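Shown next, in C-alpha cells, is the structure this report addresses.
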Amino acid sequence: MPEVKNSYETVFIVSTKLGEDGNAAVVQKFKDLIAANGTLEGVDDWGKRRLAYPINKEAEGYYTLINFTSVPSFTAELDRIFNITDGILRSLIVKKEPPKARKVKAKKAEETPAENAAE
C-alpha cells in the first residue's frame, strides 16, 4: 500500500542574533531537510518582523513560511529538529485541508443561513 502524503505548511522564527548569513543558513538547512523527506512546494521569506511579545528577551525575528508535502510521520521529526536547533525561537506545523474538504465546508456554511431563514 502506498504511503499517504499530506500537504503541510510550517512557519518558523529565527533569532536576529544569527544575522543575515546565519538566518540564510538555518532556512537553507530546513529547505534541504524538507526536500529530502518530501516535496517542497514553496518558500516565502517574510523577513525581519517585530514579535508580538518578547521571546528569550528578543523583540524581533526572521519569519519564514514553507509549504510542503510529506508523509505524516515526518512532521514529528521536523518538530523535533526545530526544537533542538539553536536560533529557532518558535515554530508551527499545520496540516492543510484538501481543496475538496474546503468547498464542502463552504457550501454547508452557505446553506445554514438559508435554512434558518426558511423556518
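Any read-out appearing in this document is the output of simple, stated calculations on the displayed coordinates, not a laboratory observation. It should be emphasised that the depicted structure is a prediction, and the values quoted were computed from it without experimental measurement. Here the Cβ is made from the backbone with ideal geometry for all residues, glycine too, and neighbour counts use every protein chain on show.
Extension gain for the segment L51 to V4, taken as residue separation times 0.36 nm less the Cα-Cα distance, is 13.3 nm to one decimal. Applying the criteria of a DSSP loop state and at most 15 other Cβ atoms within 10 Å to the trypsin sites (Lys or Arg not before Pro) of the stretch 18-60 yields K57.
Quick one: which of K17/K96; K5/K57; K48/K96; K29/K57 span more than 30 angstrom between C-alpha atoms? Cα-Cα > 30 Å for K17/K96; K5/K57; rest within. Using R₀ = 35 Å, calculate the FRET efficiency as 1/(1 + (r/R₀)^6) where r is the Cβ-Cβ separation of A36 and E58; round to 0.05. After rounding, the FRET efficiency stands at 0.75. Placing a label point 7 Å from the Cα of V43 along the Cα-to-Cβ line, the residues of the stretch 58-92 whose backbone N sits under 12 Å from it are 64-67.
Our estimate of slack between N67 and D21, defined as 0.36 nm per intervening residue step minus the Cα-Cα distance, is 14.3 nm. The GluC sites (Glu not before Pro) found in the stretch 1-74 that occupy coil by DSSP, while having at most 11 further C-beta atoms within 10 Å, are E3.
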